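Only one structure is covered here, and it is reproduced in the block below.
Any read-out appearing in this document is the output of simple, stated calculations on the displayed coordinates, not a laboratory observation. Quick caveat: nothing in here was measured; it's all calculated off a predicted structure. Because the Cβ atoms are built from the backbone with ideal geometry, glycine has one as well, and the counts that use them run over all protein chains shown.
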Amino acid sequence: MDKRIILRLREKGLSYKEISEKLALSINTVKSYCRRNKENVVEENTECLECHSELKQTKGKKKRFCSDKCRNKWWNKNLNLVDKKTYYQFECTYCSKEFEAYGNKHRKYCSHACYINHRFGEKDE
């Protein structure tokens, strides 16, 4: 058996398990061969989701964006994909109105106007 077949199958995107079943080899044989020969697996999604420039992937969590600018731009366009779970219920310290706030469990006021009025007193115009 030609061991280069293993590398060709890995380049096509097959997993260690799929290769071992296809070639009737132990999964550990396939893994150790790939490690010894430093196989290069073709990465999927190697472009920025926003500007589509090529990304250099490193070990660990894979990058999805080339920069913070692209990340912010993409998330601002796709707000519907944000999983907002941290909503809190409060009563405004100034006007006693019930309100809901996202992400801050220590909020006191329902609006900036209530904060200003409570801190500095109501302006008489």
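Annotations
- In the chain, the longest principal axis of the Cα atoms and the axis of helix 68-77 are about 70 degrees apart.
- Trypsin sites (Lys or Arg not before Pro) restricted to DSSP loop in the stretch 72-118 with at most 14 other C-beta within 10 Å: Lys84, Lys85, Lys97, Lys105, Lys108
- Tensor-based shape of the chain (alpha-carbon gyration tensor, a/c under 1.5 rounded, otherwise prolate or oblate): prolate
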